[in-house]
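Notes for the one structure printed next.
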Amino acid sequence: MTTPEPESRTDTTPATVTSASTDSIRKALKGYRIFAWVTGVWLIALCYEMVLKYGFGDDSLSWIAVVHGWVYFVYLLFAANLAVKVRWPIGKTVGVLLAGTIPLLGIVVEHFQTKRIKADFGV
């Protein structure tokens, strides 16, 4: 007696997810969304700080770079966590991680990824 071969998936839709994994994806998505916005705001603040520093010689807001660095690090963790849970390919994962380095792009990418994840996983 042979065991049947599992069907190979040729489409790009995600596999059926359980309620436990849906809840896990929902939590990961929430953290990613929050830190995409927080990172975007701190990146704008960092640009302001750079203009003051290099344009006007005012180095009084240099602490913004440190805060942004830590916020971006946490964003990387949340985005990577979401990527693992929804099984993004490595190229897409790297693209989302790098989106947090360009002012406002991380927020735009977050919008479209959230829309897609909600549609694909029903969260």
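The values are calculated or read from the model by the stated rules, or taken from the named source; none is laboratory data. Note that the structure is a prediction, hence the values are computed from the model and not measured. With ideal geometry, Cβ positions are generated from the backbone for all residues, glycine too; neighbour counts draw on all protein chains shown.
Every condition in (1) within 24 Å of the chain's Cα centre (by Cα); (2) at pLDDT 95 or above holds for Gly55 except the one numbered (1).
Based on what the data block shows, is Trp42 more than 10 Å from the chain's Cα centre (by Cα), crowded, with 19+ Cβ neighbours inside 10 Å, at pLDDT 95 or above and not β-branched (Val, Ile, Thr)? Yes; evaluated as a whole, the condition is true for this residue.
Selection of region 35-73 for residues being aliphatic (A, V, I, L, M), touching a residue at least 24 places away in the same chain (Cβ under 8 Å) and closer than 18 Å to Leu105 by Cβ yields Ala36, Val38, Leu43, Ile44, Val71.
Among the residues examined, Thr39 qualifies as touching a His at 6+ places or on another chain (Cβ under 9 Å) and more than 21 Å from Ser21 (Cα to Cα). In region 102-119 there is no residue that is within 11 Å of the chain's Cα centre (by Cα), modelled with pLDDT under 95, surrounded by 13 or more Cβ atoms within 10 Å (Cβ to Cβ) and outside any helix (DSSP H, G or I). When Leu104, Leu46 are checked against the criterion of being touching a Pro at 6+ places or on another chain (Cβ under 9 Å) and farther than 22 Å from Ser21 by Cα, a single residue qualifies: Leu46. Residues of region 89-101 that are surrounded by 12 or more Cβ atoms within 10 Å (Cβ to Cβ) and part of a helix (DSSP H, G or I): Lys92, Thr93, Val94, Gly95, Val96, Leu97, Leu98, Ala99. Taking residues in region 106-123 that are under 10 Å from Arg26 (Cβ atoms), and partners anywhere that are charged (D, E, K, R) and part of a helix (DSSP H, G or I), the pairs with Cβ atoms closer than 6 Å and at least 6 places apart or on different chains are Val123/Arg26.
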